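Beneath this line is the structure, given in structure tokens, with notes to follow.
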Amino acid sequence: MLKLGVNIDHVATIREARYRGRGFGEPDPVAAALLCEAAGAHGITAHLREDRRHIQDRDVWALREKIKTRLNLEMANAPEIIDIAQKLKPDIVCVVPERRLEVTTEGGLDVVAAEKSLTETRKKMNDAGIEVSLFIAPDEKQIAASARTGSQFIELHTGKFAEDFLSNSRREEAQTSKYEISPSLLTSAATDYEPELQRLIAGSQQAHALGLKVNAGHGLNYENLPVLFRVPHLVELNIGHSLVSRAVFAGLDNAVREMLSLMQSYHATPAAAR
Ligand code: PXP
């Protein structure tokens, strides 16, 4: 069964917009995490960024204490955060690249360039009983390097797929719209999601063959998931923004339940191989 890890960073982003630096405030990401678990989520993901722009140290400690499912700590490969992870002992860490000017995690890790240091971090985490995942683009060299670090998981970056899917939907909408159409939308057929989807499929197959477990995340939502389901071997999806957005209208509980119900139609192996 495909698992859902709920990324609760966006709940903390709303809190920090009003209560930055106060040590308290609403909405509480830990209370949100407990609600997600009660709705059936299989794990909670939180990114303790070096700049602490959303999730704070107190949040990760409270999550560690209170949640009953798996805690996935997203983190940069940086000494301060590695140190915290060793003490916190999340079930798994997902190493992500961090650039201070980005709105959210934008690109995948360059594992080829940082193979030695990521291997050291992987060892430190595994020695502390923590599994390791590397957040990477579906690139052959990055996947091969990820396997060489000895990591247990990769998380395939689905951001480009999500963007291409969006361009595709907007083009289709524009073509059937009776309103004025932006010419750039009509000529953007090259942004169709199929090439990136093929890269994700090939990447997942390669990783699976190398013994890596495969997660995916970034930009996934209720519309693009059924298409993403063509990617085989997925173990867990990490989803945040679309769940929190849906929660504004439907409540977090319903948002999580709807996503889980959608995820039931996923098959990790293609129909022909079943
Ligand atoms: N996975 C990783 C590694 C991420 O950095 C993020 C974004 O914080 C997500 C998943 C979730 O992305 P989204 O909020 O777009 O669902």
Only one of LEU262, LEU252 is within 16 Å of the ligand (Cβ to nearest atom), hydrophobic (A, V, I, L, M, F, W, C) and over 19 Å from LEU34 (Cβ atoms), namely LEU262
Which one of these is away from the ligand (no atom under 16 Å from the Cβ), within 22 Å of ASP51 (Cα to Cα) and of a type in the set (Val, Ile, Thr): ILE92, ILE82? ILE82
How many of the residues making up region 203-217 are within 16 Å of the ligand (Cβ to nearest atom) and in a helix (DSSP H, G or I)? 3
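Looking at GLN152, GLN175, GLN142, which one is of a type in the set (S, T, N, Q), at pLDDT 85 or above and surrounded by fewer than 20 Cβ atoms within 10 Å (Cβ to Cβ)?
Only one candidate qualifies: GLN152.
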Could you tell me whether any residue of region 53-75 is without any contact (Cβ under 8 Å) to a residue 60 or more places away in the chain, surrounded by fewer than 15 Cβ atoms within 10 Å (Cβ to Cβ), of a type in the set (A, V, I, L, M, F, W, C) and outside any helix (DSSP H, G or I)? no
Only one of LEU220, LEU200, LEU237, LEU243 is within 16 Å of the ligand (Cβ to nearest atom), part of a loop (DSSP other than H, G, I, E, B) and crowded, with 18+ Cβ neighbours inside 10 Å. Can you tell me which? LEU220
For region 20-46, enumerate the residues that are surrounded by 14 or more Cβ atoms within 10 Å (Cβ to Cβ), out of contact with any Cys (no Cβ under 8 Å at 6 or more places or on another chain) and either polar (S, T, N, Q) or farther than 23 Å from ARG257 by Cα (or both). GLY25
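The values are calculated or read from the model by the stated rules, or taken from the named source; none is laboratory data. All figures in this text were calculated on a predicted structure; none of them were measured in a lab. So basically every Cβ, Gly included, is an ideal-geometry build from the backbone, and we count neighbours across all protein chains shown.
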